[in-house]
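The values are calculated or read from the model by the stated rules, or taken from the named source; none is laboratory data. On a predicted model such as this, the values are computed, not experimentally measured, just so you know. Counting neighbours? That spans all protein chains shown, and the Cβs are built from the backbone with ideal geometry, glycine included. Note: accessible area is taken over every heavy atom of the protein model, side chains too, but ligands, DNA and RNA are not part of it. Shrake-Rupley method; radii C 1.70, N 1.55, O 1.52, S 1.80 Å.
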Amino acid sequence: MLRTLPRSPVVDAAYKAYVGLFLIYLALPLIVVAVFAFNDSLFPALPWRGFTLDWFVGTTDPKLGLLQDRNILRGIGNSVLVAIATTAVSILVGTTTAFLFERHDFPFKSFAYLMMLAPLVIPGVILGISILAFSSTVANALDDRFGWEVAALRPGLLLVVLGQFSFIATIATLVIAARLRKFDRALEEAAFDLGAAPAAAFLTVTLPYLAPALIGAGLVAFLISFENFNTTLMLVGSDPPLTITMFDRMKQGSTPVLNAVSLFLMVGSGLIGLISVMVQRDRGEGRSG
């Protein structure tokens, strides 16, 4: 309705200028980071020294490229490992939690729902510190009482997965629950009338319907986990993921190789987002056909 209201040329021009400036504000920092990934200089700043691919494929110091830097490649591998584990657990728990809140009534349901949402409003640093303090307290108690040294409760990749899972599972639950809320349960009842067992009805009717939400939640969970910094920083051990590796490198002095890593992350995130859109569109066309 607002678009149909008459506007003066001045207001219309101001609105378009505002939108343009806002888009430039969002895109310009990313463009600058991407451009300096190809600068033939030891520092990611002006002046422009010429075009080079050394920060991607360079094999010798001081221009050791992204594809040759073992620490960065190890960080990427750790991030992928953490993201896959976090995504898998978050989707599994998110699906069961979505069914719990959408299909069942139980005492204190509203309170439980608020507790599920709580990790989203707690700062990541506070969440990480709380998890670290709790796990360290339990680990120390087990060591003092029984002499058991539980490495899983000490800072490391497993604790990073648990820390990220604590809030990513909530996001997955919300995405899956939104899709489940629109599901027509008459379809399940029809499957039961045809003799299908509950498990068979779930696998053949409900799960295919939830597939777009599961895929979307999985892609979002993977991206959030891969790029998480605040919570990960509090829980990391001797095998840092990529974000922590980049942070440590920044403290030593930034080089354009970090711009190359940032460009890699931007392209990777864009491709994952494109895959998500294509999957959603293909499934939508399949249902309409």
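Observations on the structure shown:
- Lone qualifier among 173, 206 - being within 23 Å of the chain's Cα centre (by Cα), polar (S, T, N, Q) and open to solvent by less than 40 Å² (accessible area, probe 1.4 Å): 173
- Taking helices (runs of 4 or more DSSP H) as the structural unit, those lying wholly within the range 181-289 and holding at least 3 residues that are under 28 Å from residue 158 (Cα atoms) correspond to 207-227, 230-235, 242-252, 256-288.
- Selection of helices (runs of 4 or more DSSP H) fully inside the range 43-132 by the criterion of at least 3 residues being free of Cβ contacts under 8 Å to residues at least 40 places away in the same chain and either touching a His at 6+ places or on another chain (Cβ under 9 Å) or open to solvent by 70 Å² or more (accessible area, probe 1.4 Å) (or both) returns 70-103, 109-121.
- Yes/no for residue 79 being of a type in the set (S, T, N, Q), modelled with pLDDT of 90 or more and touching a Gly at 6+ places or on another chain (Cβ under 9 Å): no
- Scanning the range 212-232 for residues that are over 8 Å from the mean Cα position of the chain (by Cα) and closer than 11 Å to residue 91 by Cα yields a count of 6.
- Filter result (among the small types (Gly, Ala, Ser) and either touching a residue at least 40 places away in the same chain (Cβ under 8 Å) or touching a helix residue (DSSP H, G or I) at 6+ places or on another chain (Cβ under 7 Å) (or both)) within the range 27-42: 34, 37, 41
- The one condition in (1) buried (at least 18 other Cβ atoms within 10 Å of the Cβ); (2) at pLDDT 85 or above that residue 248 fails to fulfil: (1)
- Filter result for residue 23 (open to solvent by 70 Å² or more (accessible area, probe 1.4 Å), free of Cβ contacts under 8 Å to residues at least 40 places away in the same chain and in a helix (DSSP H, G or I)): yes
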